[in-house]
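These notes concern the structure reproduced below.
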Amino acid sequence: MILFQNQDLEVRKLEPVDAEILVKWLSNPVVLEFYEGRDRPLDLAAVQEHFYENREEISQCIIEYDSVAIGYIQFYKIDQEERELYGYAAYNGTIYGMDQFIGEPAYWNQGIGSHLIKEAVQYLIHDQGADKIVMDPQAWNTRAIHVYEKNGFVKKKFLEKHEWHEGEYRDCWLIEYVK
């Protein structure tokens, strides 16, 4: 099922057949440097557990570019626990979280990530009723942060030692897009 598309970019729901491509991406050290960590490659069993079990609250999708699967994106309504952690406990609007990666390095640095973020934001605002969209990229990932800022996200809160990555807790930025 296609959720949104524009020009050569298409985002569709994750299907069981996509498990093999997720294993390919999430066992590649070049990709893992930026997503999950090179010390945590995923095999088929781990992909099945992480991406296919008990995930009803998360919209999980495959990113296609020119009909080629190149990455993964997920979005979800932020729950009360995350609202409190991020300082949104008193906010009454709808907040979505979003995570993504391009798993085919040959497609990096071509503007596809920026195009994806722009289209995903429009989909969440206009089709899902999001008032805010938040992400928490690792602070050292300046390339990703630049893409997010270019597409309207603003740094809101520094999250010290927030995410386990390659043997240590890493700092992250809470970034926000407001409708």
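For the reader, a short list of remarks on this structure follows.
- Probe 1.4 Å, accessible area per residue of the chain, Å²: 52
- ³J(HN,Hα) computed for each position of the stretch 91-97 - Karplus, 6.51 cos²θ - 1.76 cosθ + 1.60, integer Hz, glycine/proline x: 7, 9, x, 8, 10, 10, x
- Near the amide H of residue 156, within less than 5 Å, lie the amide hydrogens of 174, 175, 176, all on another chain or at least 5 residues away, with H placed in the peptide plane.
- Cβ-defined net charge surrounding residue 143, 13 Å radius [Lys, Arg +1; Asp, Glu -1]: -1
- Residue pairs exceeding 30 angstrom between C-alpha atoms, taken from 77/156; 24/179; 24/155; 24/132; 13/161; 24/156: 24/179; 24/155; 24/132; 13/161; 24/156.
- Residue 71 long-range amide H proximity, modeled H, under 5 Å: 63, 103
- The helix-based estimate of mean residue ellipticity at 222 nm for the chain, built from -39,500 (n - 2.57) per DSSP H run of four or more residues and divided by its residue count, is -8000 deg cm²/dmol to the nearest 500.
- Filtered GluC sites (Glu not before Pro), the stretch 80-113: DSSP coil and at most 11 other beta carbons within 10 Å: none
- Phi angles of the stretch 158-172 translate, via the Karplus equation with coefficients 6.51, -1.76, 1.60 and θ = phi - 60°, into HN-Hα couplings of 7, 10, 6, 6, 8, 9, 6, 8, 6, x, 7, 7, 10, 6, 9 Hz per residue; Gly and Pro are given as x.
- From phi via Karplus (6.51, -1.76, 1.60), per-residue ³J(HN,Hα) for the stretch 23-30 in Hz, x at Gly/Pro: 4, 4, 5, 8, 10, 8, x, 5
- Distant-in-sequence amide H partners of residue 94 (H built 1.01 Å from N, under 5 Å): 131, 132
- Rounded to whole Å, sorted largest first: equivalent-ellipsoid semi-axes of the chain, Cα gyration tensor: 23, 20, 17
- Projected onto planes of every orientation and averaged, the convex hull of the alpha-carbon atoms in the stretch 32-108 covers 7.0 nm².
- The chain - percent of accessible surface contributed by carbon and sulfur, probe 1.4 Å: 46
- Beta bridges assigned by DSSP with both partners in the stretch 80-179 are antiparallel in approximately 80 percent of cases.
The values are calculated or read from the model by the stated rules, or taken from the named source; none is laboratory data. What you are looking at is a predicted structure, and each value in this text was computed from that prediction instead of being measured. FYI the Cβ positions are ideal-geometry reconstructions off the backbone, even for glycines, and counts take in every protein chain you see. The protein model used for the area step is the full one, side chains on, heavy atoms only, and it has no ligands, DNA or RNA in it. Shrake-Rupley method; radii C 1.70, N 1.55, O 1.52, S 1.80 Å.
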